[in-house]
Amino acid sequence: MVTFADEDLTRSTFDTVDLGGSRFVSCSLRDIVISSTDLHRVVMRGVELFDVTIEGEIENLTVNGVDVGPLVEAELDRRQPLRVKMRPTDPAGFREAWQILENLWAATVERARGIDPARLHDSVNGEWSFIETLRHLAFATDAWVRRGIQGDPSPWNPLDLPWDQMPDTPGIPRDRRVRPTLDEVLELRRDRMAGVRDLLDTMTAASLAAETVPVEGPGWPEPRSYPVRECLLVVLGEEWHHRLFAERDLDALALDR
């Protein structure tokens, strides 16, 4: 255990550092950026919290004695009425949700075609580029549908892109240097989205309620059994949230011409 007292660590970078169990007392955390970080069971008392932005998965977040998680969820559902469709409970609901996503993404892709093709490789505020976002969604489908549900131990395409913090795993591509065109990555996307559609078209209540058969060998998700419904909900969540991120970044690219 290391103690820092009366130290100036301004503008320090902590990358893949374990600060679990640490205590911050009378510290200045002004203007810090925290991304892709585990904040489970963080307790803050006597803090001053102004002009703070939090984006991520929020559950059991209590502010001054009020669990704000349900309030946030309700407000997001109010602002985005189709969001509630991303929590289906039966095969018909999953088919409806996927059709919604296909329609929304079609409009987003059409909008992206109005941007200089070179800009679709640009990162906005350190986030994935538009092309990288599409590559990551292909990875999510390969992981949770083709591997997780359908049992292919190695369903990967060379353009697949895992999340940045995923450890290097034998057989899983993660080439950040490759720069496919929009049409090249859309060809992969169309194939993967059609595969999900075909799966949902034959989905029954029994198959939706089933557990997956563990897939042997390295890869993602880890080789164990998962509820089919949870695998599909992961894919819906990825598709929904990353389209919102993509739209936000296309706004920025459109303004920065």
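The values are calculated or read from the model by the stated rules, or taken from the named source; none is laboratory data. Since this is a predicted model, take the numbers as computed values, not measurements. Ideal geometry is used to build each Cβ from the backbone, glycine not excepted, and the neighbour counts take in all protein chains shown.
The table for this structure:
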{"quantity": "Any hit, the range 181-204, residues being over 21 Å from the mean Cα position of the chain (by Cα), at pLDDT below 95, surrounded by 12 or more Cβ atoms within 10 Å (Cβ to Cβ) and part of a loop (DSSP other than H, G, I, E, B)", "calculated": "no"}
{"quantity": "Members of the range 10-46 found to be surrounded by 10 or more Cβ atoms within 10 Å (Cβ to Cβ) and more than 29 Å from the chain's Cα centre (by Cα), listed by number", "calculated": "Phe24, Cys27, Ser28"}
{"quantity": "Residue satisfying all of: in the range 208-228; touching a residue at least 60 places away in the same chain (Cβ under 8 Å) and part of a helix (DSSP H, G or I); surrounded by the most Cβ atoms within 10 Å (Cβ to Cβ) among these", "calculated": "Val228"}
{"quantity": "Criterion violated by Phe130 - all others in (1) within 17 Å of the chain's Cα centre (by Cα); (2) surrounded by fewer than 20 Cβ atoms within 10 Å (Cβ to Cβ) satisfied", "calculated": "(2)"}
{"quantity": "Selection within the range 158-179 - in contact (Cβ under 8 Å) with a residue 24 or more places away in the chain, surrounded by fewer than 17 Cβ atoms within 10 Å (Cβ to Cβ) and in contact with a helix residue (DSSP H, G or I) (Cβ under 9 Å, 6 or more places away or on another chain)", "calculated": "Trp163, Arg176, Arg179"}
{"quantity": "Members of the range 99-151 found to be polar (S, T, N, Q), assigned to a helix (DSSP H, G or I) and without any contact (Cβ under 8 Å) to a residue 24 or more places away in the chain, listed by number", "calculated": "Gln99, Asn103"}
{"quantity": "Among residues of the range 205-224, those that are closer than 25 Å to Asp168 by Cβ and over 20 Å from the mean Cα position of the chain (by Cα), counted", "calculated": "8"}
{"quantity": "Filter result for Leu236 (hydrophobic (A, V, I, L, M, F, W, C) and touching a Phe, Trp or Tyr at 6+ places or on another chain (Cβ under 7 Å))", "calculated": "no"}
